[in-house]
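Below: one structure, written as structure tokens.
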Amino acid sequence: MPFQVSCHSSIQSFEIYGKKLSVHRDDVTEEMLELYAADSSILFKQLKVNFIGETGDDFGGLTKHVFTSLWVDIIWQFFIGETAVVPFIPVHKHMQKRRHFEAIGRILAHTVALLQYVPARLS
């Protein structure tokens, strides 16, 4: 059952329906890449995250933890550079990884929307 958060601004009033998200701590990257590749509507939802097999309520901390862990791993796997990084796909893996980069774009947009930050190492 989705939860509901109401947001109000002086320009526009809208409602955001949340999504409860259960992930395995050891497979956060693969599970999130698959989720964002398959469901673009998630970009318009707040998240309530929990780790499978662990107890805890998400008041923002678990969501931040998931995205922080996710970006560390995404940068390691899909980007190249030292202090600042840029996307990188070897030519022989271009078609295979294209779907991942579309998902990474969605994850970046959702990271900015939910947490109001851009991962520091991205150029």
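The values are calculated or read from the model by the stated rules, or taken from the named source; none is laboratory data. Predicted model, so just to flag it, every value in this text is computed and none were measured. Glycine gets a Cβ as well: all are built from the backbone with ideal geometry, and neighbour counts include every protein chain shown.
Some notes on this structure:
- The set of residues in region 67-86 being of a type outside the set (Gly, Ala, Ser), surrounded by 13 or more Cβ atoms within 10 Å (Cβ to Cβ) and closer than 17 Å to Met32 by Cβ consists of Phe67, Thr68, Leu70, Trp71, Val72, Asp73, Ile74, Ile75, Gln77, Phe78, Phe79.
- Pair list, Cβ under 7 Å, 6 or more apart: region 31-47 residue touching a residue at least 40 places away in the same chain (Cβ under 8 Å) and closer than 18 Å to Val66 by Cα, other residue in a helix (DSSP H, G or I) and of a type in the set (Ser, Thr, Tyr): Ile42/Tyr36; Leu47/Thr63
- For region 75-123, a residue qualifies if it is polar (S, T, N, Q) and touching a residue at least 24 places away in the same chain (Cβ under 8 Å), and the qualifying residues are Gln77, Thr83, Thr111, Ser123.
- Residues in region 94-123 that are in a helix (DSSP H, G or I), touching a Leu at 6+ places or on another chain (Cβ under 9 Å) and under 13 Å from Phe67 (Cα atoms): Ile104, Arg106, Ile107, Leu108, Ala109, His110, Thr111, Ala113, Leu114.
Each row is one residue, and each column tells you yes or no for (1) within 18 Å of the chain's Cα centre (by Cα); (2) on the phi > 0 side of the Ramachandran plot; (3) surrounded by 11 or more Cβ atoms within 10 Å (Cβ to Cβ).
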position	(1), (2), (3)
His92	no, no, no
Gln96	no, no, no
Thr111	yes, no, yes
Leu115	yes, no, yes
Ala120	yes, no, no
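- Selection status of Lys48, basic (Lys, Arg) and either in contact with a His (Cβ under 9 Å, 6 or more places away or on another chain) or surrounded by 13 or more Cβ atoms within 10 Å (Cβ to Cβ) (or both): yes
- Selection within region 79-94 - of a type in the set (Phe, Trp, Tyr) and either touching a His at 6+ places or on another chain (Cβ under 6 Å) or at pLDDT 90 or above (or both): Phe79
Quick grid of which residues meet (1) at pLDDT 90 or above; (2) within 14 Å of Ile107 (Cβ to Cβ); (3) of a type in the set (D, E, K, R):
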residue	(1), (2), (3)
Met1	no, no, no
Val23	yes, yes, no
Asp26	yes, no, yes
Asp39	yes, yes, yes
Asn50	yes, no, no
Asp73	yes, yes, yes
